[in-house]
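Worksheet: one structure, shown below.
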Amino acid sequence: MMVFTFDYFARLIFAPKKLPWFFKFVNMIDLLTVIPFWFEIIFIYVTGFHALGQTSVVLRTIRMFRVLRVIKLTKYSAISALCVQSLIECKEAFMLLFVSVSILVIISGGAVYYLEQTVLTFDPLLEVWLKKDGTPSAIQSIFSGCWWSIITISTVGYGDIVPEAIPGKIVAGFTALVGILVFAFPISIFSTKFYSMYTEATKKEEMKNAPQKVTIHDLPNILRDLNQKQRDLRIIIKNLTSELADTDAKLEELNMTIQELGSINVYYNVVDG
């Protein structure tokens, strides 16, 4: 852990922009993985004893952040990057999923709660809804109905809450079927997007690694490119020729100026003599 700590602070010190580097997601994970170790060392040093009771639970919970170190491995995987990019591209579909599931949970959870009351008896002393056999019902509030709805929509089906009334069972069946449809729509969009991006990335990789092959059908394009490059080369040569001509003219003027200055110096020497 000391090596990880030294590595983290060394990269922080030599980072050109420390604040953006510090708040980068991967670097935050590195910080969360080293904090529990040093937090426990400091706690033991200050208090003089190992953590007990609730403090021990807190320390063990903080130690769990070390598992986040595994997330760093995703940056070395191209497939993980494609998954993240696909999720970002499909954010509208998943937003629609969240809204649809929220509406369905509230409606079906409230419906099953009120429909279950048709076969339940309310005990005013215990303030609970009882079944016919006298045992408390699992659906005592709309919140418990919403919990049942989430488990049903996600097709988990713990079985801890089961509707007893026939209308409640009808709502349960409707909720299960609609839940499958609600999840299928964004998942299909994500799968299609991921497949297209994966196919495109695979083709680019193959084109990058594969040797270039020229066929008879590519000759017109190649000739067209060569003609264009030839025209560009002629323009460049023409510009260079004009620039060289201008340079020669300037050199000629400079030579004439030097000759004139030489004649003037000879004249003054003769006069002085």
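What follows is calculated from the coordinates using simple rules that are stated; it is not laboratory data. In this text the structure is predicted, and so the values were computed from the model without any measurement. We place every Cβ from the backbone using ideal geometry, glycine too, and count neighbours over all the protein chains shown.
Quick notes on this one:
- Converting phi to 3J(HN,Hα) with the Karplus coefficients 6.51, -1.76 and 1.60 and the offset θ = phi - 60°, segment 160-167 yields 6, 10, 10, x, 9, 7, 4, x Hz in sequence order, with x at every glycine or proline.
- Across the alpha-carbon atoms of segment 141-257, the computed radius of gyration and Dmax are 36.5, 114 angstrom.
- Listed peptides 148-154, 21-27, 221-227 by packing density, highest first (mean Cβ within 10 Å): 148-154, 21-27, 221-227
- Of the GluC sites (Glu not before Pro) found in segment 86-167, the ones in coil according to DSSP and having at most 12 other Cβ atoms within 10 Å of their Cβ are Glu127.
- Sparsely packed loop sites in segment 93-173 (the trypsin sites (Lys or Arg not before Pro) outside DSSP H, G, I, E and B with at most 13 other Cβ atoms within 10 Å) comprise Lys132.
- Positive contributions from Lys and Arg (+1) and negative ones from Asp and Glu (-1), summed over other residues with Cβ under 13 Å from the Cβ of Trp21, come out at +3.
- Three-way shape label, segment 152-209, alpha-carbon gyration tensor, a/c 1.5: prolate
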